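Chemist: This is the structure I want to talk about, given as structure tokens.
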Amino acid sequence: MKAAGWAVLALAAVLAVGAPGFFTAANLRDLALNNVATLITAAGLLLVILLGEIDISVGSQFAVCGLVIGVAPWAAPVAGMALGLANGALCGGLRLPSIVVSLAAMVALRDAIRWTTQGAWITLPAGFQWAGLGQDAGQWLVLGFAVLIVALLGWALANVGLLRNIYAVGANAEAAHLAGLPVAAVRIGTFAALGAMVGMAAWLNALRFNEVQPSAGTGLELKAIAAVVVGGASIRGGRGTMAGTVTGVVLLGMIGAALTFLGVSAYWEKAIQGAIILAAVVLDRWGGRDAR
């Protein structure tokens, strides 16, 4: 079991003793719903990080896709894919540094949202909330879709050759090129897939509400990247699993609620998350030395 898995078990044991009310069905359901967007975004980011790349514009993409829902409710994944494709073309086609491209995209998209909306919330179409099924059934719809999407992507990452190419490119792009893999196409397609996942995350998250705020997705990029790294993926690329990423999301998602149930100030949440991320990076660094 990876370190993140042990950390989840340790935190669960503390909660079982100090705050057993944490494990009520209602609290676990609410906790899962609150982390659906992070889970799906982190699953998409895993693909990009496996390439040894990064995309810190996912929070801004998430906000754009949320606004698109106000106009065309079913177009969010397409809008996300288009945004991801643009990043992929710059990073994979022109070989620009992904940190620079995504930083520019993050700022540009946020400013565009502020200019377009002037801070006003976007009202979603009538009947969109909970897909017209009501809150009880709608909640299970959101959770079911999230689990299905992540499970299918995890299976494909482990078994489908097209996605296995991501590991090869991330581990050694030059060797992958010499082996005949379309390295540029893999990079472009992976960024586009991440964008589609962000669009789906925005769509599922918006199902819970009847309005979307322009600031939606703020901080999402940091939490999703942290979950992938904490879940054992190497920031240098070539190593990581969907199971590890899901475990990372669970661990980081539990911390805030756990502090509340244990009577600890919520101000400690970011500090604890930061310490966990730092520990994960240190372990990744040591693991890289051992591999070499």
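Every number here is computed from the coordinates shown, using simple stated rules; none is lab data. These figures come from a predicted structure and were not determined experimentally. With ideal geometry, Cβ positions are generated from the backbone for all residues, glycine too; neighbour counts draw on all protein chains shown.
Chemist: Which FRET efficiency value, to the nearest 0.05, is calculated for Trp74 and Arg95 with the Förster distance at 41 angstrom and r the Cβ-Cβ distance?
Modeler: After rounding, the FRET efficiency stands at 0.75.
Chemist: So if we plug the beta-carbon distance of Ile272 and Asp30 into 1/(1 + (r/R0)^6) with R0 = 22 Å, what FRET efficiency do we get, rounded to 0.05?
Modeler: FRET efficiency, Ile272 to Asp30: 0.60.
Chemist: Taking 0.36 nm per residue of separation and subtracting the Cα-Cα distance, what length does fully extending Thr218 through Glu174 add?
Modeler: My answer for the length gained is 12.3 nm.
Chemist: Spin-label point model (7 Å from Cα, Cβ direction): what's the Val17 to Arg164 distance in nm?
Modeler: Placing both labels 7 Å along Cα→Cβ, they lie 4.5 nm apart.
Chemist: Divide by every residue of the chain the summed helix terms, -39500 (n - 2.57) for each DSSP H run of at least 4, and state the resulting mean residue ellipticity at 222 nm, rounded to the nearest 500 deg cm²/dmol.
Modeler: Numbers: 13 runs with 207 residues, N = 292.
Using -39500 (n - 2.57) per qualifying helix, the result is -23500 deg cm²/dmol.
Chemist: Now, a different point. Explain nothing, just the number: dipole magnitude of the chain about its Cα centre with +1 on each Lys and Arg Cβ and -1 on each Asp and Glu Cβ, in debye rounded to the nearest 20.
Modeler: The calculation lands at about 480 debye.
Chemist: Which distance in Å, rounded to a whole number, links the C-alpha centroids of the range 108-142 and the range 14-48?
Modeler: 21
Chemist: Under 5 Å between amide H atoms, partner at least 5 residues away or on a different chain: which partners does Glu211 have, H built in plane at 1.01 Å?
Modeler: The answer is Leu124.
Chemist: Would you list the membrane-span-like helices of the chain, meaning whole DSSP H runs whose alpha-carbon atoms span at least 20 Å along their axis and whose mean Kyte-Doolittle value is at least -0.5?
Modeler: Those that clear 20 Å and a mean of -0.5 are 3-18, 36-50, 98-117, 135-159, 183-206, 242-261, 268-291.
Chemist: Where the centroid of each part is defined by its Cα atoms, how far is the range 49-103 from the range 208-257 in Å?
Modeler: 16
Chemist: Just Gly92, Gly70, Gly161 to compare: in a GNM of the chain, with alpha carbon springs under 10 Å, which one fluctuates most?
Modeler: Judging by the Gaussian network model, the answer is Gly161.
Chemist: Would you please put 78-86, 38-46 in order of how densely packed they are, using the mean number of other Cβ atoms within 10 angstrom per residue and starting with the highest?
Modeler: 38-46, 78-86
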